[in-house]
1. Output the number of the condition that PRO73 fails; it satisfies all remaining conditions of (1) over 17 Å from the mean Cα position of the chain (by Cα); (2) more than 25 Å from GLN53 (Cα to Cα).
2. Pairs only if they're at least six apart or on different chains, beta carbon under 6 angstrom, first in the range 77-90 and assigned to a loop (DSSP other than H, G, I, E, B), second at pLDDT below 90 and among the hydroxyl-bearing types (Ser, Thr, Tyr); list them, first residue then second.
3. Tell me which residues, restricted to the range 65-91, are modelled with pLDDT of 85 or more, surrounded by fewer than 18 Cβ atoms within 10 Å (Cβ to Cβ) and not β-branched (Val, Ile, Thr).
4. Pick out, from the range 92-190, the helices (runs of 4 or more DSSP H) lying fully within it that include 1 or more residues that are crowded, with 22+ Cβ neighbours inside 10 Å and of a type in the set (Ser, Thr, Tyr).
5. Looking at LEU189, LEU87, which one is in contact with an Asp or Glu (Cβ under 8 Å, 6 or more places away or on another chain) and within 22 Å of ALA68 (Cα to Cα)?
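The values are calculated or read from the model by the stated rules, or taken from the named source; none is laboratory data. All figures in this text were calculated on a predicted structure; none of them were measured in a lab. As a convention, Cβ positions derive from the backbone with ideal geometry for all residues, glycine included, and neighbour counts pool all protein chains shown.
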Amino acid sequence: MLGFKSIKAALLISMLGFMSLVVSAQVNAACSFVSTKDGSPLNIKASETDTPQAKEFLETCINPYTKAYAADPTLITQKSPKGGKALFGYNGCSGCHGGKLEGVMAPSLRKDGGQGAFDTKWVYAKHVTDKGVFETISGGSAGVSGGVMSTWNINLPDHVGDGLTNDEILRLIAYIRTEYRGDGEKAWLK
C-alpha cells in the first residue's frame, strides 16, 4: 500500500510530465494567439501588406524588433517607418499608460515602481513574452487592473479607430521593452 508521501510524489511527477508535454506541444505548434479577455482564439494571420518582420513574428512568436531596438536605441525614435516611441504617442497610448510609460489610468509599462498594484509587475504573467503583450494589445483586455484595454489590431473586428498593423504593434512592444526598469529577468531578449 502506498503512503501519502508516495502518492504526492507520484502526482507531482505526473503533473510535471503533463506540463512538459503541453510546453513541448506549444513550442512545436505554429504560432497561434489567444485573447487576453477570454482565452478564445485571435484570428491574426499574415497578409500581403505585412512586413517581413511581422511575417516572421506571426510564424515564430519572436519579435525581431525587440533585440534590434535593444542593440540600436536610435530605432526607437526613428520617424519613418515610425519607431515605437512615435507610435506610442500618435495612438494615444500615453493617455492611459503615461508619456514616460509610468502609468496614469493604466498600469506602468516601465515597471520601476509606483503606487499602483501593477506598477512593479505585469498584470498578466504572459507579458513576460512578446507574444503575450502582442495578444493583449491586439485583442484588448478585460480590465483586471481596473481599466479595460480596447482591441487595437487592424485584423480584428471592432478595433479602435484606424487600428494598428501587426508591424506597428511589434514596434510598440519593442519600445516598451527598451524602457523596462523592473527587477527580474528580461526573458524577451532571449
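1. PRO73 satisfies every listed condition except (2).
2. Taking only residues 6 or more apart or on different chains, the pairs are GLY83/THR77.
3. LYS67, ALA68, ALA70, ALA71, ASP72, PRO73, GLY89, TYR90
4. Where helices (runs of 4 or more DSSP H) fall fully within the range 92-190 and carry at least 1 residues being crowded, with 22+ Cβ neighbours inside 10 Å and of a type in the set (Ser, Thr, Tyr), they are 130-139, 166-178.
5. Being in contact with an Asp or Glu (Cβ under 8 Å, 6 or more places away or on another chain) and within 22 Å of ALA68 (Cα to Cα) holds for just one of LEU189, LEU87, which is LEU87.
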